[in-house]
1. What residue, of GLY40, GLY33, is touching a residue at least 24 places away in the same chain (Cβ under 8 Å) and of a type outside the set (S, T, N, Q)?
2. Listed residues LYS72, LYS2, LYS78, LYS9; which is more than 16 Å from the chain's Cα centre (by Cα) and farther than 30 Å from PRO153 by Cβ?
3. Just wondering, is there one or more residues in region 116-124 that are crowded, with 18+ Cβ neighbours inside 10 Å, of a type in the set (A, V, I, L, M) and in a helix (DSSP H, G or I)?
4. Could you list, in sequence order, the residues of region 125-160 that are more than 21 Å from LYS9 (Cβ to Cβ) and crowded, with 16+ Cβ neighbours inside 10 Å?
5. Please go through (1) under 18 Å from ALA130 (Cα atoms); (2) touching a Leu at 6+ places or on another chain (Cβ under 7 Å); (3) not assigned by TED's automatic domain parsing to the domain that holds ILE123 for MET95 and return the number of the only condition it doesn't satisfy.
6. Do we have any residue at all in region 69-80 that's over 27 Å from VAL31 (Cβ atoms), among the hydrophobic types (A, V, I, L, M, F, W, C) and surrounded by 12 or more Cβ atoms within 10 Å (Cβ to Cβ)?
7. Please find, within region 87-115, the residue that is farthest from the chain's Cα centre (by Cα) out of those that are over 15 Å from MET22 (Cα atoms), part of a strand (DSSP E or B) and of a type in the set (Gly, Ala, Ser).
8. Between a first residue in region 6-18 that is surrounded by fewer than 19 Cβ atoms within 10 Å (Cβ to Cβ) and a second residue that is of a type outside the set (Lys, Arg) and in a loop (DSSP other than H, G, I, E, B), which pairs have beta carbons less than 8 Å apart while being 6 or more apart in sequence or on different chains?
Amino acid sequence: MKADVRLDKMDLFRFMFYHMYMRPTGLIYLVVGLVSLGGGIYFLANGNNSGVFLILISAVYFILQPVFLYFKATQQSKLDIMQRNTVYVFDSAGMHAYQGAESSTLPWEKVHKAVVFAGELIIYLTDIRANVIPLSTLEDREETLSYLQEMLPKKKRRGF
């Protein structure tokens, strides 16, 4: 089973969005944004103009942060390493990554976690480092995901 991957800015954006908002800090962003929005609406409805400030705070969490992530993804997609294809091969030894003359192997025991989110397979090496593989690039999506379910314990899998 293999995948031939060349990430574009939307692939990177989906990963960054997942990585930012599906963690405990993402829950804090959501709560602060919702409380700010609710407070802003409440204050404005009661004639207090300071509600505008609270609505601006919520805009930072719900609008500006995703826009900044998109720009960051656009910048990263232009990096030389992102311009080259990476071939991922999955077998009993682990996940092998080949990019030009360079190669590496990640044994299944060393996988931090694997996540399926928004059409992407994200295989974390650590809490913050991951390989992003769009599901559309997998030669046989169902077979690969079934294989990963066999190779990775349930506590290391999310979304499949």
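The values are calculated or read from the model by the stated rules, or taken from the named source; none is laboratory data. Note that the structure is predicted; figures quoted are calculated from it, not measured. In this analysis, Cβ positions are derived from the backbone assuming ideal geometry, glycine residues included, and neighbour counts consider all displayed protein chains.
1. Working: GLY40 fails: touching a residue at least 24 places away in the same chain (Cβ under 8 Å).
Selected residue: GLY33, the only one of GLY40, GLY33 that is touching a residue at least 24 places away in the same chain (Cβ under 8 Å) and of a type outside the set (S, T, N, Q).
2. Details: LYS72 fails: more than 16 Å from the chain's Cα centre (by Cα); LYS2 fails: farther than 30 Å from PRO153 by Cβ; LYS9 fails: more than 16 Å from the chain's Cα centre (by Cα).
Step by step, each of LYS72, LYS2, LYS78, LYS9 is checked, and only LYS78 is more than 16 Å from the chain's Cα centre (by Cα) and farther than 30 Å from PRO153 by Cβ.
3. No, that holds for no residue.
4. Keep residues of region 125-160 that are more than 21 Å from LYS9 (Cβ to Cβ), which gives 125-127, 139-160.
THR144, LEU145, LEU148, MET151, LEU152, LYS156, ARG157 - these are the residues of region 125-160 that are more than 21 Å from LYS9 (Cβ to Cβ) and crowded, with 16+ Cβ neighbours inside 10 Å.
5. (3)
6. Restricting attention to region 69-80, the residues satisfying the condition of being over 27 Å from VAL31 (Cβ atoms) are 74-80.
When the remaining residues are screened for being among the hydrophobic types (A, V, I, L, M, F, W, C), the result is 79.
Subset that is surrounded by 12 or more Cβ atoms within 10 Å (Cβ to Cβ): none.
No: region 69-80 contains no residue that is over 27 Å from VAL31 (Cβ atoms), among the hydrophobic types (A, V, I, L, M, F, W, C) and surrounded by 12 or more Cβ atoms within 10 Å (Cβ to Cβ).
7. Initial filter on region 87-115 (over 15 Å from MET22 (Cα atoms)): 87-112.
Then keep just the ones that are part of a strand (DSSP E or B); that gives 87-91, 94-99, 102-106.
Checking which are of a type in the set (Gly, Ala, Ser) leaves us with 94, 97, 103-104.
Values: GLY94: 21, ALA97: 19, SER103: 23, SER104: 21 Å.
Ranking the candidates gives SER103 first.
8. The qualifying pairs are ARG6/ASN85; PHE17/ALA118.
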